[in-house]
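Only one structure is covered here, and it is reproduced in the block below.
The values are calculated or read from the model by the stated rules, or taken from the named source; none is laboratory data. For clarity, every value in this text was computed on a predicted model and none was experimentally measured. Reconstructed Cβ throughout: ideal geometry from the backbone, glycine too, with neighbour counts over all protein chains shown. Heads up: the accessible areas ignore ligands, DNA and RNA and are worked out on the full protein's heavy atoms, side chains in. Shrake-Rupley method; radii C 1.70, N 1.55, O 1.52, S 1.80 Å.
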Amino acid sequence: MSIEVRNIKKNFGNFSALNDVSLDVPSGELVALLGPSGCGKTTLLRIIAGLETPDSGSILFYGADATARQVREREVGFVFQHYALFRHMTVFENVAFGLRVRPKETRPSDAEIKRRVHELLELVQLDWLADRYPPQLSGGQRQRIALARALAVEPKVLLLDEPFGALDAKVRKELRRWLRRLHDELHITSIFVTHDQEEALEVADRVVVINKGQIEQVGSPQEVYDHPVSPFVYQFLGNVNQFPSHVHDGKARIGNIELKLNAHHATQNTPALAFVRPHDIEISKEARTNQAGFEAVVSYIHAIGPLVRLELTRVDQTELIEAELTQERFRELAIEQGGNVFIYPRNVRVFLED
Amino acid sequence: MSIKAPSQYSHYHAKVARSRATSERAWVRWSLIATMLAFLALFLIVPLVAVFTEALRKGFAAYLSALIDPDALSSIKLTLIAAAIAVPLNLTFGVAAAWAIAKFEFRGKSILITLIDLPFAVSPVIAGLIYVLIFGLQGWFGSSLIDHDIKVIFAIPGIVLATIFVTFPFVARELIPLMQAQGKEEEEAGLVLGASGWQILWRITLPNVKWGLLYGVILTNARAMGEFGAVSVVSGHIRGMTNTMPLHVEILYNEYNYAAAFAVASLLAILALVTLILKSLVEWQSARSAFANEQNFS
Amino acid sequence: MTKHKNILPGFNLSLGYTIFYLSLIVLIPLSAAFIKTSSLSLHDFWAIVTAPRVLASYRLTFGASLIAALINAVFGLLTAWVLVRYHFTGKKIFDALVDLPFALPTAVAGIALTAVYSSNGWIGSWLEPHGIKIAFTPLGVVVALTFIGLPFVVRTVQPVLEDLEAETEEAAASLGANRWQTFYKVIFPAIWPALLTGFALAFARAIGEYGSVIFIAGNMPMVSEITPLIIITKLEQYDYAGATAVAVVMLVISFLLLFAINGLQWWFSRRTSGVV
């Protein structure tokens, strides 16, 4: 483990930003802290960096307790959300800063600094901007300079706070692929904070889902997407339909239908929430006798792109259900707006209410 | 003077003038401009011109001799000394206060800001008076000062103290809002990169607020050199000894030596004009860098 | 969110130095005035601060300051309007010149205004035949106080006017308002807090003013003698207690004004930032 977070608690006044958070980050991994704004993910990142002090708990770097260490002694690289480039310094001086402020004994020579800075600027492919000032750069360029600056001090750990948050959609996509490639090249243990599930799922080796100051789930992108452990994770990662239901003897009752479950066999009459992804909703024109389903009216069709999105209204309730199907299947079924269909949920996950 | 077509550089004016609905008729515009010019002329321009005309009334030779009079020279020297001490002290204070207030949260912050403003609210005469109460003959430390043969009141230290008091808030007032607006992300970035507190201050914070700092220094200096009321109370008006330039002007004026009084006054007026020019330059520079910064965020 | 424990260095040093320096230069000396006054009995204090000559000086100081601040409110608003809205040659120079009263030493302003407004001055000699005397009368005090308060209203109103959106005025016009209606129903409500703040600042500054007034006032007891001059006169007669008593009255009023202005600005910034 290169970073260990042990029982971190942090309050701001009456607000509990982090409530007993523990986390292990193995060496060389790229980990995403994912959660809605205000969930405490940035606070956790800042505590790891030493920019914030926890009320209790400890941070270990490579097994050594770093909680009491000053920021400047932690050897972390930190990329700020708005980059925090020094406005009055050129790109070159920004990157060189961390080397220049070292005490005389450990400070590299000017020639060495120059060599290192250019090396880093080449790494981020922006060597040609060395003499510019930050205000003259585009958002994506600033982002990469901020990264080069953070790497200049050869950090043991790289921390990025919403690294793509301030960029527009296109640059964002490019940069996150670039960050992934860079990480594969450098293998520096990295943690980044994001509220964008797509970003976390695409870039990270592992995703840490945080909600209300607590870790909900840790796992590979595949794991957290396919097997969410809580209603929150279900809702936060991807679209999902949610049905209030009752669980009784291994069956979930939703409205007037009953679905067989693979769990909760001993549960008696407990209210629960059932979750179904839109692509797990099967649609049929005819009622099936061997399968429990709802009758619904097609209230809206979005047919742009490879997938067709349907908004359906159950006949027995006013609740809206979202379904996704391929263009092919859509044409096969010849669905029309206002028409009646039958829907059959697959892969239903049920969470009991407590 | 003529009303020009709105220039495209000033988009605001262009915007306003473009639509007839949101601009005034020509005669309204004209009379408003004329009223403003009359007002400024009556209160600012005519008195300013008068300083120089009165100063040169007896010719250039008399003007020069009034300036190189030993008493005048010593008053200039004292004014420069007072400013040279007051400006750096208040500058240091301003930076310290702005650092504490802008970069940290603590209880009583707004009270502290109000207290820093106090000297603006106090009449200069009272600013002088309070130092007389402390260091004067019958003051708190009066007798012990006499015992050690230290003179504060009716001497240079008193003048310096009064000058510091009246120029106390200028730098802090400029820096606090500026540093608050800049946040502390850049400082934190410096910290993560291994910079010490002093390195952060010198290499990151101060370069970022340099225009505001300079602005504050210019205002402090102008007020320090021009202060009259506070200095008048503590100076004792000893010619060639404890007279600053404004006090020297007063003495000459009260002696009906008008030409000489205005001659020295003209130096102070030039100082004021230089101050205004520097101030405009600094404003222009900082607006330019702010504009550059804004551009890249959009 | 309340307290962030901040990891930036130098908090204790900078706050400590700030409080130390503030106490040394401002707080302790100011408290001397109050401590000195407490040596007087209430009866003596009251007798000093309500002596007829002192009362007359309050009337002049506050009356003239009020008139000067009102003049500045009207013409300052007009000046700010012209500087923001209209374009004419030399505008930048006039804009810069507005700050002259901040930069020009008050003694210089005092003798210059006296020279211009006395009966043989450029403006005074022109007014004299009409029976208007300015220098060496209370009117002169008003002129000097108008001079030193001039930048305040302009500089507080100007940025607010600049930030006004042209759209709101266009909206008013499209709804059928004429220019004057647009001004007093749309523009004025937006700028009047700034105007009030500028007025209060000019008034506060005028009350304490000394240098520019004493040359032009004539300083006749009961007629054209301002309160700061009363303090100086008492000091010159070594009546420290008397000078301090009057000073305390002025200090209290100044502090109240300062708090009022801070309150105004706080209220004003809340209004403009839209925080409820």
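Given 0.36 nm per residue, what is the gain on full extension from A:T67 to A:R329 after removing their alpha carbon distance, in nm?
Contour length minus Cα-Cα distance gives 88.7 nm.
Using the Kirkwood radius over Cα pairs, work out the Stokes-Einstein diffusion coefficient for the range B:59-297 at 4 °C and 1.567 mPa s, in µm²/s as a whole number. The partial results should precede the final answer.
Values: Rh = 19.9 Å.
It diffuses with D of about 65 µm²/s by this estimate.
Per residue, how much accessible surface does the range A:110-162 expose to a 1.4 Å probe? Answer in Å², no decimals. Show your work: numbers first, answer last.
Numbers: 2190 Å² over 53 residues.
In whole numbers, the range A:110-162 has 41 Å² accessible per residue.
Please identify, among B:A61, B:A38, B:A189, the residue showing maximal mean-square fluctuation in a Gaussian network model of chain B using a 10 angstrom Cα cutoff.
Greatest mean-square fluctuation among the candidates belongs to B:A38.
For the range A:154-311, what is the convex hull volume of its Cα atoms per residue in Å³?
On the way: hull volume 28.5 nm³, N = 158.
Measuring per residue, one finds 181 Å³ for the Cα hull of the range A:154-311.
Given a 10 angstrom Cα cut-off, can you work out which residue in B:I101, B:I146, B:I126 is the most mobile in a GNM of chain B?
Comparing B:I101, B:I146, B:I126 in a Gaussian network model of chain B, the most mobile one is B:I146.
Go from 0 up to the bin containing the longest alpha carbon distance in the range C:80-208, width 10 Å each, and give me the % of pairs per bin.
11, 30, 29, 20, 8, 1
Could you work out the relative contact order of the range B:151-298, using alpha carbon pairs under 8 angstrom and six or more residues apart, expressed as a whole percent? Display every interim value, and only then the final one.
Details: 121 pairs, mean separation 44.4, N = 148.
In percent, rounded to a whole number, it is 30.
Averaged over peptide C:83-92, how many Cβ atoms belonging to another chain are found within 10 Å of each residue's Cβ? Each step should come with its number before you reach the end.
Numbers: counts 2, 3, 10, 13, 13, 9, 4, 2, 3, 2.
Whole-number average of other-chain Cβ neighbours for C:83-92 is 6.
Report the rotationally averaged projected area of the protein assembly as shown based on its alpha-carbon convex hull, in square nanometres.
Numbers: hull surface 209.5 nm².
If you wrap the Cα atoms of the protein assembly as shown in a convex hull and average its projections, you get 52.4 nm².
With chain B treated as a Gaussian network of Cα nodes joined by springs under 10 Å, which of B:L276, B:L44, B:L137 yields the largest mean-square fluctuation?
Checking each option, the largest mean-square fluctuation is seen for B:L44.
Using only alpha carbon pairs under 8 Å that are at least six residues apart, calculate the relative contact order of the range C:40-272 and give it in whole percent.
Working: 278 pairs, mean separation 72.2, N = 233.
About 31 percent, as a whole number.
Percent of Cα-Cα pairs per 5 Å bin, from 0 to the last occupied bin, for the range A:1-108, please list those.
Binned Cα distances yield the sequence 2, 10, 18, 20, 18, 14, 10, 6, 1, 0.
Using bins 10 angstrom wide from zero, how does P(r) for the range C:40-272 break down, in % of all Cα pairs?
Result returned by the calculation: 8, 26, 30, 21, 11, 3, 1.
So how far apart, in nm, are the two label points at B:E105 and A:K212 if each is 7 Å from Cα heading toward Cβ?
2.2 nm
Any idea what diffusion coefficient chain A gets from Stokes-Einstein, in µm²/s, Kirkwood Rh on alpha carbon pairs, 25 °C, 0.890 mPa s? Don't skip to the answer; put the middle values down first.
Working: Rh = 23.3 Å.
This corresponds to a translational diffusion coefficient of 105 µm²/s.
Explain nothing, just the number: dipole magnitude of the range B:59-297 about its Cα centre with +1 on each Lys and Arg Cβ and -1 on each Asp and Glu Cβ, in debye rounded to the nearest 20. The partial results should precede the final answer.
Values: 13 positive and 16 negative charges, 41 e Å.
With Lys and Arg at +1 and Asp and Glu at -1, about 200 debye.
Which whole-number percentage describes the relative contact order of the range A:17-117, with Cα contacts under 8 Å and a sequence gap of 6 or more? Please report the intermediate quantities before stating the final value.
On the way: 49 pairs, mean separation 14.9, N = 101.
RCO, the range A:17-117: 15 percent.
Which loop-located trypsin sites (Lys or Arg not before Pro) does the range A:325-354 contain, where loop means any DSSP state but H, G, I, E or B and the Cβ has at most 14 other Cβ atoms within 10 Å?
A:R346
Enter the Cα centre distance for the pair the range B:216-251 and the range A:143-188, rounded to the nearest angstrom.
One Cα centre to the other: 59 Å.
Using R₀ = 51 Å, calculate the FRET efficiency as 1/(1 + (r/R₀)^6) where r is the Cβ-Cβ separation of A:V315 and A:E174; round to 0.05. Please report the intermediate quantities before stating the final value.
Numbers: r = 46 Å, r/R0 = 0.91.
Calculated transfer efficiency: 0.65.
Select from the range B:240-261 all residues whose loss of accessible area on going from the chain by itself to the full protein assembly reaches 50 Å² or more (probe 1.4 Å).
Residues meeting the cut-off: B:Y253.
If you place +1 on the Cβ of every Lys and Arg, -1 on the Cβ of every Asp and Glu, and leave all else neutral, what size is the dipole of chain C about its Cα centre, to the nearest 20 Debye? Numbers along the way, then the final one.
Details: 16 positive and 14 negative charges, 76 e Å.
Charge dipole, chain C, about its Cα centre: 360 debye, nearest 20.
How far apart, in nm, are two points set 7 Å out from the Cα along the Cα-to-Cβ line at B:S289 and at A:H118?
2.9 nm
Please find the FRET efficiency linking C:F188 to C:N120, where r is the Cβ-Cβ separation and R0 is fixed at 56 Å, and quote it to the nearest 0.05.
About 0.85, to the nearest 0.05.
Run the Debye formula on the Cα coordinates of the range B:18-173, all scatterers equal and no solvent, and tell me log10 I(q)/I(0) at q = 0.09, 0.13, 0.14, 0.20 1/Å.
-0.60, -0.95, -1.00, -1.19
What spacing in nm lies between the two simple spin-label points modelled at A:T53 and C:V74, each 7 Å away from Cα in the Cβ direction?
6.0 nm
Could you give the dipole magnitude of the protein assembly as shown about its Cα centre, charging the beta-carbon of Lys and Arg +1 and that of Asp and Glu -1, in debye to the nearest 20? Show your work: numbers first, answer last.
Numbers: 79 positive and 80 negative charges, 369 e Å.
That gives the protein assembly as shown a dipole magnitude of about 1780 debye.
So, for chain C, what is the accessible surface per residue at a probe of 1.4 Å, expressed in square angstrom?
Numbers: 11850 Å² over 276 residues.
On a per-residue basis, chain C sits at 43 Å².
Considering the Cα trace of the range A:235-327, what is its radius of gyration and what is Dmax, both in angstroms?
Final numbers for Rg and Dmax: 14.3, 45 Å.
If you take the accessible area of B alone, add that of C alone, and subtract the area of the pair, what total do you get in Å², probe 1.4 Å, to the nearest 100?
Values: alone 18600 and 16600 Å², together 26280 Å².
The summed interface area works out to 8900 Å².
Dipole of chain B (Lys/Arg Cβ +1, Asp/Glu Cβ -1, origin at the Cα centre): which of B:F93, B:N257, B:A26 lies farthest to the positive side?
The residue sitting most towards the positive pole is B:A26.
Round to the nearest 0.05 the FRET efficiency obtained for C:H130 and B:T53 when R0 = 22 Å and r is the Cβ-Cβ distance. Working shown, then result.
On the way: r = 24 Å, r/R0 = 1.08.
So the FRET efficiency works out to roughly 0.40.
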